[in-house]
Amino acid sequence: MERPLRRQPGQDPHGQLSDPDLPAVIRDRREKLRRLREAGVEPYARSFERTHTTAQARALLGERVQVAGRLVARRGMGGMAFADLQDGAGRIQLVARRDRLGEAAHAAFLDLDLGDIVGAEGTVFTTKKGEVSVDLDRVPLLSKSLRPLPEKWHGLKDVETRYRQRYLDLISNPESRAVFEKRTRVIGAVRRLLDERGFLEVETPILHDIASGGHARPFTTHYNALDRDFFLRIALELHLKRLIVGGVERVYEIGRTFRNEGISPRHNPEFTMLEVYQAYATYEDMMRLTEDIIVAAAEAAGTSLTTSYQGEDIDFTPPYRRETMRDLVLELTGRDLAGNELDDAFETEVQPQLRQPTFVLDYPVEISPLARRRADDPRFVERFELIIAGREHANAFTELTDPIDQRERFEQQAAARAAGFEEAHPFDEDFVTAMEYGMPPTGGLGIGIDRVVMLLTDQPAIRDVLLFPQLKEAPRQG
RNA sequence: GCCCGCGUAGCUCAAUUUGGCAGAGCAGGGGACUCUUAAUCCCAAGGUUCACGGUUCGAGUCCGUGCGCGGGCACCA
């Protein structure tokens, strides 16, 4: 019978005080917590009256402030000690002087650990060396930290820990925090742009009884009350187009979408999509809208239109190059193709070479069952993808509005599925019914928000722009 | 699912090439220090080298299997 290698956290806290499997740095903290409680100190305060953030306090020389945050560095000098306090707005130096605080409070300050959450009450001043600081009168402990922080100078490097324990990444790596703040600002800017143009933001179902709107393997779940399998949505498209039929002429949704596929630096099983539909618009209008969205997003992220991604110069200045898929393949391979052959040749031989923003136009009808055919050549549809740095960032069509054609396209997809293409588009009878009531001419656009954020924040992997990316189960608890 | 690489102290990294006592910095412990800011100085401590098995007198190092992470491929018509 083997004894457990490590105990799970949360059980028998007193037993853990002497748990020989725990690192000494953690045992020491627990012991200190016990001593504090014995001395009558409550190590987890109910609240603290914070009057200013560290950023606000910096501008208030000579004034009394109450700031609060995490202790992230300390430099003891005996009778005078320094520490850095970090809050959501930044950092400020704390200065503890024995002759001002008194012996007991000064000793208590020196007894604090890096990682502790404290309040800091005192007067803002500038040290002889020019550092804006708080001259402490009081430093109440607000929350005792029982685990050591990552290395103060190098930060947290281990990528697995950064993803699994994102809070440590956010505490120790300010540049990581900045990426997520930019992500939020990008999404806000996109919303603002669309709202200003009269688009209505909506929420459509995530649980679908048909996984339609794209080519992808869905996640399956089970609805007990209906005793029926459901799917997590793989796209937003068909519900939003039902709203177009319903007279919501400008509509969009920003939402999580799920695809049951491999994980890679560019794919996470759940990701954020923007889909926009505009009645009486075409895919040319969607190209201009896409350009406007990219420009607004870059501005929100604080990224210049002429920038670089992973060392490669990228110019986001519109208008972007517009070329048909057929011409691009012809130009780069010398072959004039159509249908699936064209798409295959494009993906393997052309797309990786498209580095600057490029609208690739007019896809084969076979792989585009929801898009309108070109009037001059019905083998192709009015569709574009926006390729930047070799990757797809947007996908848009002049939407198919002919219910008879739509039914035939779905039937072709059903035949493909019967022939073994598991990801072929399923037949959505209810959607065809909606279209039969009459759908106005419409342009539609989908943008992969995560990938746009990757581009604008120069992050190499989609995991770096997702707070909690999908990982396998951790091998053990530490 | 397949191929390649990686896994050493709480954190950041050495030692792996060529098998020979597992080391440093930070953090933590003890001490000195009233203008430091990667503070400095002195002392002591800290390890199931991812796990299990094998080869060997001897394995962090070589071999096998498993787990996790990273990259590539497949999937993403």
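The values are calculated or read from the model by the stated rules, or taken from the named source; none is laboratory data. None of these values were measured; they are calculated from a predicted model. So basically every Cβ, Gly included, is an ideal-geometry build from the backbone, and we count neighbours across all protein chains shown. Surface areas here come from the heavy atoms of the whole protein model, side chains and all, with no ligands, DNA or RNA. Shrake-Rupley method; radii C 1.70, N 1.55, O 1.52, S 1.80 Å.
With Kirkwood's inverse mean 1/r over C-alpha pairs for Rh, give me the Rg to Rh ratio of region A:366-478, two decimals please. Don't jump to the answer; show the numbers that get you there.
Values: Rg = 18.9 Å, Rh = 17.0 Å.
Ratio value, two decimals: 1.11.
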Region A:194-230 scanned against label point 7 Å out from A:R288 along Cα→C-beta; backbone N under 19 Å for A:194-200
In region A:242-348, with Lys and Arg counted as +1 and Asp and Glu as -1 at Cβ, which of these residues, A:P265, A:T307, A:A279, has the Cα nearest the positive end of the dipole, that is, farthest along it?
-> A:A279
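Just to verify a number: FRET efficiency for A:A338 and A:T220, C-beta to C-beta distance, R0 = 45 Å, to 0.05? Walk me through the numbers on the way to the answer.
Working: r = 35 Å, r/R0 = 0.77.
Calculated transfer efficiency: 0.85.
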Rounded to one decimal in Å, the inverse mean reciprocal Cα-Cα distance for chain A, i.e. its Kirkwood radius, is 26.4
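When ligands, DNA and RNA are left out and all protein chains stay put, how many square angstrom of accessible area per residue does chain A have with a 1.4 Å probe? Display every interim value, and only then the final one.
On the way: 24130 Å² over 478 residues.
Ligands and nucleic acids excluded, the figure is 50 Å² per residue.
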Relative to the longest principal Cα axis of chain A, at what angle does helix A:24-38 sit, 0 to 90 degrees, rounded to 10?
-> 60
Can you list the residues of region A:229-247 with backbone N under 18 Å from a point 7 Å past the Cα of A:Y437, pointing along Cα to Cβ?
-> A:237-247
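Suppose R0 equals 51 Å; then what is the FRET efficiency for A:A39 and A:E429 from their Cβ-Cβ distance, rounded to the nearest 0.05? Spell out each step's value before the answer.
Details: r = 72 Å, r/R0 = 1.42.
For A:A39 and A:E429, the calculated efficiency is 0.10.
Quick one: net charge around A:P43, please, counting Lys, Arg +1 and Asp, Glu -1 for every other residue with C-beta under 13 Å from its C-beta. If you can, show how the numbers build up before the last one.
Working: positive: A:R29, A:R30, A:K32, A:R34, A:R35, A:R37, A:R46, A:K144; negative: A:E31, A:E38, A:E42, A:D111, A:D113, A:D116.
Local charge sum for A:P43: +2.
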Within the set of other residues whose C-beta is less than 11 Å from the C-beta of A:D376, count the net charge using Lys and Arg as +1 and Asp and Glu as -1.
-> 0
For A:D111 and A:S264, what does the FRET efficiency come to when R0 = 56 Å and r is the distance between their Cβ atoms, rounded to the nearest 0.05?
-> 0.70
To the nearest 20 debye, region A:307-388 has a Cα-centred charge dipole, built from +1 on Lys and Arg Cβ and -1 on Asp and Glu Cβ, of 300
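Multiply the residue gap between A:A415 and A:T306 by 0.36 nm, knock off their C-alpha separation, and tell me the result in nm, one decimal place. Intermediate results must be reported in sequence, preceding the final value.
Working: separation 109, 0.36 × 109 = 39.24 nm, distance 4.65 nm.
Stretched out fully, the A:A415 to A:T306 stretch lengthens by 34.6 nm.
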Of the candidates A:H154, A:L60, A:P378, the farthest towards the positive dipole end of chain A (Lys/Arg Cβ +1, Asp/Glu Cβ -1, centred on the Cα centre) is A:L60
For A:G188, what charge total do you get from the other residues with a beta carbon under 13 Å from its beta carbon, if Lys and Arg give +1 and Asp and Glu give -1?
-> 0
Would you mind working out the magnitude of the charge dipole of chain A relative to its Cα centre, with +1 at each Lys and Arg C-beta and -1 at each Asp and Glu C-beta, to the nearest 20 Debye?
-> 3060
Where does region A:19-149 land on the Kirkwood hydrodynamic radius, alpha-carbon pairs, in angstrom?
-> 15.1
Surface accessible to a 1.4 Å probe, A:R373 within the full protein complex, Å² | 70
In whole Å, what three semi-axes, largest first, describe the equivalent ellipsoid of region A:424-467 built from its Cα gyration tensor (square root of 5 times each eigenvalue)?
-> 36, 14, 7
Tabulate in residue order the Karplus-calculated ³J(HN,Hα) for region A:40-54, using 6.51 cos²θ - 1.76 cosθ + 1.60 with θ = phi - 60°, rounded to whole Hz; enter x for Gly and Pro.
-> x, 8, 7, x, 10, 6, 6, 6, 7, 7, 8, 9, 8, 7, 4
Cα-based Rg / Dmax (Å) for region A:268-352 | 16.1, 42
Mind putting a number on the dipole of region A:19-149 about its Cα centre? Charges go on the C-beta only, +1 for Lys and Arg and -1 for Asp and Glu, and I need it in Debye to the nearest 20.
-> 140
Tell me, which longest segment in chain A has none of the GluC sites (Glu not before Pro) that fall in DSSP loops with at most 15 further Cβ atoms within 10 Å?
-> A:262-421
Carbon and sulfur together cover what percent of the accessible area of chain A at a 1.4 Å probe radius?
-> 50
Measure off 7 Å from each Cα along the Cα-to-Cβ vector at A:I26 and A:L200, then give the distance between these two points in nanometres to one decimal.
-> 5.3
